Amino acid sequence: MAKASKQQATKAETYKNYIGGKWVKPQSGEWMENRNPADTRELIGLFPASDAEDVEQAVKAAGEAWPKWKATPAPKRAEILYRLGQILMDRKEEFSTDMTREMGKVLKETRGDVQEAIDMTFYTAGEGRRLQGYTTPSELRNKMAMCVRQPIGICGLITPWNFPMAIPSWKMMPALICGNTVVIKPAEDTPLSTINLVKAAEAAGVPSGVINIVTGYGEPAGSPLAAHPGVRLVSFTGSTDTGRIVSTIAAQHDKICSLEMGGKNVIMIMEDADIDLAVDGTIWGAFGTSGQRCTASSRIVIHKKVYKKFVEKLTKRAKALRIGNGMDKQVDMGPVINEKAVNKILGYIDIGKKADGAKLHHGGKRLTGGDYKHGYFIEPTIFTDVDPNMRIAQEEIFGPVLSIIPCKNLDEAIEIGNGVKYGLSSSIYTQDVNRAFTAMERMNTGIFYVNASTIGAEVHLPFGGTKATGNGHREGAMASSLDIFSEWKSIYVDYSGKLQKAQIDNQ
Ligand code: ADP
């Protein structure tokens with residue numbers, strides 16, 4: 001995304017930051033362009049290239065709004081979220097279209113993204129009448145013990161471009177229901193979808209200052225948000241490298257920090273698998289969203305006995321994939337997000353071919369000319385005979401590149417599957433219940449599927465991963481996301497009328 005000149009800023013539609021209930025220009029007067037990755041001639045709009053000064057204003061507004069929002073009963077907060085869910089439903093088509101234009105993924109996938117935000121909003125609203133703590137017996141007589149969830153304060157949310165409405169909703173909804181206020185810094189490539197979410201929240205009646213959005217680049221806008229002393233919690237989703245920077249900043253200020261980062265997800269296909277089903281799952285998992293999901297299936301580990309048959313069928317299907325502008329109903333796979341992503345993905349394809357010495361079986365090129373001339377299109381790419389230690393089998397590529405690794409049995413498949421630094425999602429295709437349960441138990445990932453691809457998370461189950469994928473938190477699912485966005489307070493009520501000492505008086 002390029003910086004825009006002042007002249008352009010007067011021509012294209014210009015969007016603003018939302019701070020303290022007002023849509024305001026960036027203090028610096030700097031804007032950034034948002035262009036359609038399928039056709040960069042289309043300028044979606046100009047968005048604030050915000051900096052620390054805008055973040056300062058947003059945090060101030062969030063701080064001013066907090067006492068009143070915190071004191072609003074949770075069922076009342078929930079009523080606003082129900083209205084927000086309804087607005088998102090009513091405007092689903094419009095928001096999906098905007099998202100395809102700015103992000104590139106096909107319309108049926110952007111509809112899924114908006115739907116996920118709707119699901120998350122309604123699901124979280126239901127929590128307004130729960131937000132449960134618990135009571136528990138005290139070890140002493142005439143003493144009561146209980147714990148309740150407390151709001152945390154101002155939450156700084158830093159989000160990526162691949163799910164530009166769903167991921168902000170995973171963070172924003174639980175933050176709000178718990179009684180926090182937020183400042184969100186969406187990805188520079190997809191600010192419109194997050195602005196759409198915030199506009200819907202404004203229309204639903206979220207009070208001024210409870211949600212603030214500051215668009216801009218990572219370092220000038222994201223870093224000051226992570227570092228701001230007024231921000232008590234930082235919730236980040238993005239690459240592992242950036243997550244490490246963000247958590248380092250947060251650690252210096254003793255902040256609560258939840259990180260959702262990379263993946264190198266594996267589908268294991270056993271010799272007894274339904275191969276057609278496994279091919280379906282692989283096409284969807286590896287090439288859906290052009291491979292740009294943290295849960296994308298980037299590795300196939302397959303039993304030697306069915307390797308050839310699977311590769312043949314998969315290749316036929318990959319060749320048939322229609323690549324193009326996601327607005328076209330006939331298209332299966334859209335562009336990748338930007339030029340930097342093209343270079344990174346082509347760089348990995350080169351590494352696969354040369355340094356790694358894997359066999360480039362299908363694809364491998366950027367599509368240029370004709371309808372592809374002004375976009376960032378890469379062929380669905382399949383490497384075969386991949387060794388598990390090759391870089392293409394170890395590192396997150398975040399593009400439509402699949403590595404197929406042969407194996408001799410389930411034990412070896414599990415060893416290869418677990419043999420990466422990430423631990424987000426994994427799956428197995430098998431008809432054998434014992435194999436399925438063995439893999440379920442032994443795969444060290446936060447998400448596991450049987451006879452399905454590595455993607456397809458639902459909002460009411462914990463989402464997140466082990467190892468370098470995260471720092472132990474889970475989003476989605478009530479208990480886990482409330483655990484991020486609230487703090488426990490333990491309360492002891494002694495009605496004995498005398499001094500009672502825990503651990504001492506009851507011995
Ligand atoms: P990707 O490499 O996939 O674009 P990133 O992890 O770099 O993803 O970006 C995820 C989010 O983190 C985006 O909103 C981005 O602007 C933000 N970001 C990038 N660099 C920094 C940084 N140094 N400090 C804070 N936020 C950052």
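Any idea how far apart K22 and D385 come out in nm if each label point goes 7 Å out from Cα toward Cβ?
6.7 nm
Summing Lys, Arg as +1 and Asp, Glu as -1, what charge do residues with Cβ under 10 Å from the Cβ of P37 carry, P37 excluded?
Numbers: positive: R35, R101, K105; negative: D39, E42, E102, D189, E339.
Combined, the nearby Lys, Arg, Asp and Glu give -2.
Would you list C294, C147 from fewest to most Cβ contacts within 10 Å?
Working: C294 29, C147 15.
The most exposed by this proxy come first: C147, C294.
Looking at the range 351-382, which trypsin sites (Lys or Arg not before Pro) are DSSP coil and have at most 16 other C-beta atoms within 10 Å of their C-beta?
Details: sites: K353, K354, K359, K365, R366, K373; in loops: K354, K365, K373.
Here the sparse-neighbourhood loop sites are K354, K365, K373.
Along the positive direction of the dipole of the chain (beta-carbon charges: Lys, Arg +1; Asp, Glu -1; about the Cα centre), which of I397, V183, A502 reaches farthest?
With unit charges placed on the Cβ atoms, the residue in question is A502.
Give the Cα extents of the chain along the principal axes, in whole Å, largest first.
78, 69, 40
Place a +1 charge on the Cβ of each Lys and Arg in the chain and a -1 charge on the Cβ of each Asp and Glu, then give the dipole magnitude about the Cα centre in debye, rounded to the nearest 20. It would help to have the intermediate numbers written out before the result.
On the way: 62 positive and 57 negative charges, 50 e Å.
Dipole about the Cα centre, nearest 20: 240 debye.
Treat every Asp and Glu Cβ in the range 265-450 as -1 and every Lys and Arg Cβ as +1, leave all other atoms uncharged, and give the resulting dipole magnitude about the Cα centre to the nearest 20 debye. Please list the in-between numbers first.
Values: 25 positive and 22 negative charges, 115 e Å.
So the magnitude is around 560 debye.
Report the local net charge at A145: Lys and Arg +1, Asp and Glu -1, summed over other residues whose C-beta lies under 11 Å from its C-beta.
Values: positive: K143; negative: E139, D494.
Overall, the nearby charge balance is -1.
With labels modelled as points extended 7 Å from the Cα through the Cβ direction, what inter-label distance (nm, one decimal) is found for A12 paired with A479?
My value for the distance between the label points is 4.7 nm.
Between A251 and S208, what is 0.36 nm times their sequence separation minus the Cα-Cα distance? Round to one decimal in nm. List each step's numbers first, then the result.
Values: separation 43, 0.36 × 43 = 15.48 nm, distance 2.95 nm.
Answer, rounded to one decimal: 12.5 nm.
Please quote Rg/Rh for the range 9-58 to two decimal places, taking the Kirkwood radius as Rh and restricting both calculations to Cα atoms. Could the numbers behind the result be given before it?
Details: Rg = 12.0 Å, Rh = 11.6 Å.
Using only Cα positions, Rg/Rh for the range 9-58 is 1.04.
Kirkwood Rh, Cα Rg: Rg to Rh for the range 369-417?
Working: Rg = 14.9 Å, Rh = 12.9 Å.
A ratio of 1.16.
Could you check the simple spin-label distance between D505 and L277, using points 7 Å along Cα→Cβ, in nm with one decimal?
With each label placed 7 Å out from Cα toward Cβ, I get 6.2 nm.
Please find the FRET efficiency linking R244 to D350, where r is the Cβ-Cβ separation and R0 is fixed at 25 Å, and quote it to the nearest 0.05.
Details: r = 26 Å, r/R0 = 1.03.
Efficiency, rounded to the nearest 0.05: 0.45.
Pairs to check: K60/K264; K305/K365; K92/K255; K92/K340; K171/K353. Give those whose C-alpha atoms are more than 32 Å from each other in this structure.
Details: K60/K264 39 Å; K305/K365 30 Å; K92/K255 35 Å; K92/K340 30 Å; K171/K353 39 Å.
Too far apart for the 32 Å limit: K60/K264; K92/K255; K171/K353.
Report, in whole Å, the centroid distance computed from the Cα atoms of the range 241-270 and the range 431-499.
16 Å
Two decimals, Cα atoms only, Kirkwood Rh: what is Rg/Rh over the range 265-450?
Numbers: Rg = 15.8 Å, Rh = 16.5 Å.
Using Cα coordinates only, the ratio equals 0.96.
Sorted from fewest to most neighbouring beta carbons within 10 Å, what does the list K171, K308 look like?
Numbers: K171 27, K308 12.
Arranged by neighbour count, lowest to highest, K171, K308 become K308, K171.
Just for the chain, what percent of DSSP beta bridges are antiparallel, to the closest 5? All intermediate terms of the calculation are to be shown ahead of the outcome.
Values: 33 of 74 bridges.
Close to 45 percent.
Could you list E13, E116 in order of exposure, starting from the residue whose Cβ has the fewest other Cβ atoms within 10 Å? Let's see the in-between values first.
Numbers: E13 11, E116 20.
By the 10 Å Cβ count, ascending, the order reads E13, E116.
Between V493 and R130, what's the calculated FRET efficiency when r is the beta-carbon distance and R0 is 30 Å? Round to 0.05. Intermediate values should be presented prior to the final figure.
Details: r = 22 Å, r/R0 = 0.75.
With a Förster radius of 30 Å, E is 0.85.
Since every read-out is calculated from the coordinates, none of them should be taken as a lab result. For clarity, every value in this text was computed on a predicted model and none was experimentally measured. Don't worry about glycine lacking a Cβ; one is built from the backbone with ideal geometry, like all the others, and counts go over all protein chains shown.
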